[in-house]
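The values are calculated or read from the model by the stated rules, or taken from the named source; none is laboratory data. The model shown is predicted, which means the values in this text are computed figures rather than measured ones. Backbone-built Cβ (ideal geometry, glycine too); neighbour counts: all protein chains shown. We work out accessible area using only protein heavy atoms, side chains counted, and drop any ligands, DNA or RNA first. Shrake-Rupley method; radii C 1.70, N 1.55, O 1.52, S 1.80 Å.
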Amino acid sequence: MPTAGLPNLTLTHTGNSVTLSWPVTSSVPLQQNTNLANPAGWTPATGLSITTANGTSSVTITQATGNLFFRLSRP
């Protein structure tokens, strides 16, 4: 469920990869977690190649192992 005031995070599935995309904003970082039962497990999404074009940021993830959950969150 979207949080008021935060941009939407969109997921697109193609073949064996997924692409996350969201409107460009410097104040709302992408975070990741491997276990939704652990609310303290949210960390900055590092090690991902985030690209920006035409007002949209995106990252493509191919063949992830295990669970990965993503969100945009205010610091």
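Accessible surface calculations at 1.4 Å, restricted to protein heavy atoms, place the chain at 68 Å² per residue.
With the full set of protein chains in place, find how many percent of the accessible area of the chain is carbon and sulfur; take the probe as 1.4 Å. Exposed carbon and sulfur together represent 52 percent of the surface. Is the shape of region 11-70 rounded, prolate or oblate, going by the alpha carbon gyration tensor and its root eigenvalues a ≥ b ≥ c, with a/c under 1.5 for rounded and a/b larger than b/c for prolate? It is oblate, given that a/c is not under 1.5 and a/b is not larger than b/c.
Summary value for the chain: 38 percent relative contact order, contacts being C-alpha pairs under 8 angstrom separated by 6+ residues. Using a Förster distance of 25 Å, how high is the FRET efficiency between residue 46 and residue 14, based on the Cβ-Cβ distance and rounded to 0.05? Efficiency, from the Cβ-Cβ distance: 0.60. For region 36-47, putting each phi into the Karplus relation 6.51 cos²θ - 1.76 cosθ + 1.60 with θ = phi - 60° gives couplings of 5, 6, 10, x, 8, x, 6, 9, x, 6, 9, x Hz, in residue order, rounded to whole numbers and with x for Gly and Pro.
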